[in-house]
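Asker: Okay, handing you the structure first.
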């Protein structure tokens, strides 16, 4: 067994397998009735819907970020510095981060203007205010930080160490797009494009902060433009 653990690719094979397992744990929890059961004592429907959303996003942080991080730290590798978590990385990459956010915002703006019935919101409310949108944004931030930590952090960097640059990107895109298949053809194709760009920038710039900012921007702007331009949704004071 010790010799097997020391063979090239063992750690990355474990990471590939458990990345899928951890995602399944999150997915089956989030799509089950457990979040609703946890929030069943909340009487007001608006509050209950928000609470269910936060429970689901919090479970994403747990299953995709905290648990994989602990597993990786105690059993595989204690070096998290390679993931590029630092203010120095933000300072050295703020221009590309800002440019990517602008591109994502512009693309989503045009898409929503053309397809006004699009509704990316996971909290099923028709009337929104600033506080609700901040809570929605917070939910996406905690979820996507964990999500990117697993996929563009642990999974990508471990595959890169074992297989090299392009194989690591190919493996990551394959898994990332496959788990989006349940959301339809558009999201699957979008995952191929987004995943490729995110992986390339992560490895070439040496930080997962870039895909984290990209993914948060994608979700938050998509929700914002849905509220602004979908005729069934609106901001109220």
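The values are calculated or read from the model by the stated rules, or taken from the named source; none is laboratory data. Only a predicted model underlies this, so the values are computations on that prediction, with no experimental measurement involved. Because the Cβ atoms are built from the backbone with ideal geometry, glycine has one as well, and the counts that use them run over all protein chains shown.
Asker: Part of a helix (DSSP H, G or I), in contact with a strand residue (DSSP E or B) (Cβ under 7 Å, 6 or more places away or on another chain) and crowded, with 16+ Cβ neighbours inside 10 Å: does that describe residue 216?
Answerer: No, not satisfied.
Asker: Next question. Of the conditions (1) closer than 20 Å to residue 149 by Cα; (2) loosely packed, with under 13 Cβ neighbours inside 10 Å, residue 71 fails just one. Which one is it?
Answerer: (2)
Asker: Sticking with this structure for a sec: Being buried (at least 16 other Cβ atoms within 10 Å of the Cβ), part of a loop (DSSP other than H, G, I, E, B) and at pLDDT below 95 is true for just one of 119, 43. Which residue is that? Write out each step before concluding.
Answerer: On the way: 43 fails: buried (at least 16 other Cβ atoms within 10 Å of the Cβ).
Being buried (at least 16 other Cβ atoms within 10 Å of the Cβ), part of a loop (DSSP other than H, G, I, E, B) and at pLDDT below 95 holds for just one of 119, 43, which is 119.
Asker: Test residue 32 against the criterion of being over 30 Å from residue 236 (Cβ atoms), at pLDDT 95 or above and either over 20 Å from the mean Cα position of the chain (by Cα) or not in a helix (DSSP H, G or I) (or both), and give yes or no.
Answerer: yes
Residue-by-condition table, conditions (1) touching a residue at least 24 places away in the same chain (Cβ under 8 Å); (2) surrounded by 14 or more Cβ atoms within 10 Å (Cβ to Cβ); (3) outside any helix (DSSP H, G or I):
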{"site": "109", "(1), (2), (3)": "yes, yes, no"}
{"site": "124", "(1), (2), (3)": "yes, no, yes"}
{"site": "139", "(1), (2), (3)": "yes, yes, no"}
{"site": "142", "(1), (2), (3)": "yes, yes, no"}
{"site": "147", "(1), (2), (3)": "yes, yes, no"}
{"site": "155", "(1), (2), (3)": "yes, yes, no"}
{"site": "172", "(1), (2), (3)": "yes, yes, no"}
{"site": "177", "(1), (2), (3)": "no, yes, no"}
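Asker: What's the number of the condition residue 64 fails, among (1) free of Cβ contacts under 8 Å to residues at least 12 places away in the same chain; (2) within 23 Å of the chain's Cα centre (by Cα); (3) assigned to a helix (DSSP H, G or I)?
Answerer: Residue 64 satisfies all of (1) free of Cβ contacts under 8 Å to residues at least 12 places away in the same chain; (2) within 23 Å of the chain's Cα centre (by Cα); (3) assigned to a helix (DSSP H, G or I) except (1).
Asker: Can you say whether residue 192 is over 12 Å from the mean Cα position of the chain (by Cα), touching a residue at least 12 places away in the same chain (Cβ under 8 Å), part of a helix (DSSP H, G or I) and surrounded by fewer than 21 Cβ atoms within 10 Å (Cβ to Cβ), as far as the supplied structure shows?
Answerer: yes
Asker: If you check 54, 99, 64, which single one turns out to be within 16 Å of residue 211 (Cβ to Cβ), out of contact with any strand residue (DSSP E or B) (no Cβ under 8 Å at 6 or more places or on another chain) and crowded, with 18+ Cβ neighbours inside 10 Å? Steps first, answer last, please.
Answerer: On the way: 54 fails: within 16 Å of residue 211 (Cβ to Cβ); 99 fails: crowded, with 18+ Cβ neighbours inside 10 Å.
Going through 54, 99, 64 in turn, the sole match is 64.
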